[in-house]
1. Of all residues in region 89-131 being part of a loop (DSSP other than H, G, I, E, B) and open to solvent by less than 30 Å² (accessible area, probe 1.4 Å), which is modelled with the highest pLDDT?
2. Using the structure shown, decide if residue 49 is open to solvent by 70 Å² or more (accessible area, probe 1.4 Å), of a type in the set (Asp, Glu) and over 17 Å from residue 117 (Cα atoms).
3. Could you list, in sequence order, the residues of region 47-67 that are modelled with pLDDT of 95 or more and farther than 16 Å from residue 91 by Cβ?
4. I'm checking my understanding of the structure. Among residues of region 62-73 that are in a strand (DSSP E or B) and open to solvent by 30 Å² or more (accessible area, probe 1.4 Å), which one is nearest to residue 42 (Cα to Cα)?
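The values are calculated or read from the model by the stated rules, or taken from the named source; none is laboratory data. This one's a predicted model, so the numbers in the text were calculated from it and none came from an experiment. Counting neighbours? That spans all protein chains shown, and the Cβs are built from the backbone with ideal geometry, glycine included. Note: areas computed on protein heavy atoms with side chains; ligands, DNA, RNA excluded. Shrake-Rupley method; radii C 1.70, N 1.55, O 1.52, S 1.80 Å.
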Amino acid sequence: MDPQPPLTHHEIVELAAPLVRQGWAVDLAACDRAARRIEFRPRAHAAAEGLPAQRESWTLDVPSAGRQRLTRTLVLEGPEDAAAAQVTPVTPATLWAEGADAAALLARLSAVPPARQFVAAGGTWAALRQRLPAAAHAPPVLLGATAQVAGLTLQLKVSGVQGFPAELELLRPAGDARRLPEDLLAVLGRRWDRLTALSRGWVGQLALRGPEPRRSDEARAGIAMALEHLARTLAEPPARFHERHRGARWRVALRGSGPVLAGAALVGLALHLQSLGDAYSSYLGLLANLAPPLLMGLFFLRREMPRIGLPRPPRPLRADAWNAS
């Protein structure tokens, strides 16, 4: 595709007209003509619809003639008394849609309540990144989310491919020395994977089922569940995590032993058939020929790499596991 020329002043005035008629003023200093991006001056809104005070702004991208992307950005303003109110997210919440008519895009995006761009849970707000589909009355599709909880940054990235899990990251600030157990979120259910420690924090997965809008609904519910769980767990002594989730921790530990147990069962069956004598040799040969491709087929049908190993008994955590320094 040939590069598009920068927007002219006349084009900016023409393209911005639908928003200007609704009272939005173009911020000429913030516009990027070469990138064909038009910025509008933000507005401040008082607390309403369960949200604290917020700042709203709009961006119109025009990558080519007849193709436009309009984005609404909301940033929650910090409360005057932060100790007595919910923590506000640093990352803005964005909702965008694409089409050929800015007026129609504005009407569709404005119909989505601002509260739909956030998830409140665990004493904090998660800022959502969402896309509004072209289909009429279709709910927003969740692309990702960011929240601050217990000194950590929770990030969720939702794949656009049906059947693939969402990736979850827990990022810690520089110098943070806390040691989180790998089953910290996996105790919430089978859809939660164990955490893997990285230099910047921990990464895990959340399984999402079905097509849209179910995937986005499950992802939003997962964000709320994770925030509530993390806020409660990290506010208590580490020993309470083991006491409260002892049974769930054992289920998580046994979850990865399924392939090992299946292999042991096949070996046991083969030995049993061999002990029965020549009359069962044909069954033994059938088992030897079919078991490997069957197991490989089951392995490659999985969307993600399974963790295979013997279960390790969950143990109580050290008293300083939650210490950040």
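1. Filtering region 89-131 down to residues part of a loop (DSSP other than H, G, I, E, B) leaves 89-92, 100-101, 111-113, 122-123.
With the extra rule that they be open to solvent by less than 30 Å² (accessible area, probe 1.4 Å), the set shrinks to 89, 112, 122.
Values: 89: 55, 112: 96, 122: 93.
Among those residues, the one meeting the criterion is 112.
2. Details: open to solvent by 70 Å² or more (accessible area, probe 1.4 Å): yes; of a type in the set (Asp, Glu): yes; over 17 Å from residue 117 (Cα atoms): no.
So residue 49 does not fit the description; no.
3. Within region 47-67, 58, 60, 61, 62 qualify.
4. If we filter region 62-73 for residues that are in a strand (DSSP E or B), which is where we start, we get 62-64, 67-73.
Filter once more, keeping what is open to solvent by 30 Å² or more (accessible area, probe 1.4 Å): 63, 67, 69.
Working: 63: 22, 67: 24, 69: 18 Å.
Out of the qualifying residues, it is 69.
Results for (1) within 21 Å of residue 96 (Cα to Cα); (2) at pLDDT 95 or above; (3) open to solvent by 70 Å² or more (accessible area, probe 1.4 Å); (4) in contact with a Gly (Cβ under 9 Å, 6 or more places away or on another chain), shown as yes or no for each residue.
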{"position": "9", "(1), (2), (3), (4)": "no, no, yes, no"}
{"position": "14", "(1), (2), (3), (4)": "yes, yes, yes, no"}
{"position": "22", "(1), (2), (3), (4)": "yes, yes, yes, no"}
{"position": "25", "(1), (2), (3), (4)": "yes, yes, no, no"}
{"position": "30", "(1), (2), (3), (4)": "yes, yes, no, no"}
{"position": "33", "(1), (2), (3), (4)": "yes, yes, yes, no"}
{"position": "36", "(1), (2), (3), (4)": "yes, yes, no, no"}
{"position": "41", "(1), (2), (3), (4)": "yes, yes, yes, no"}
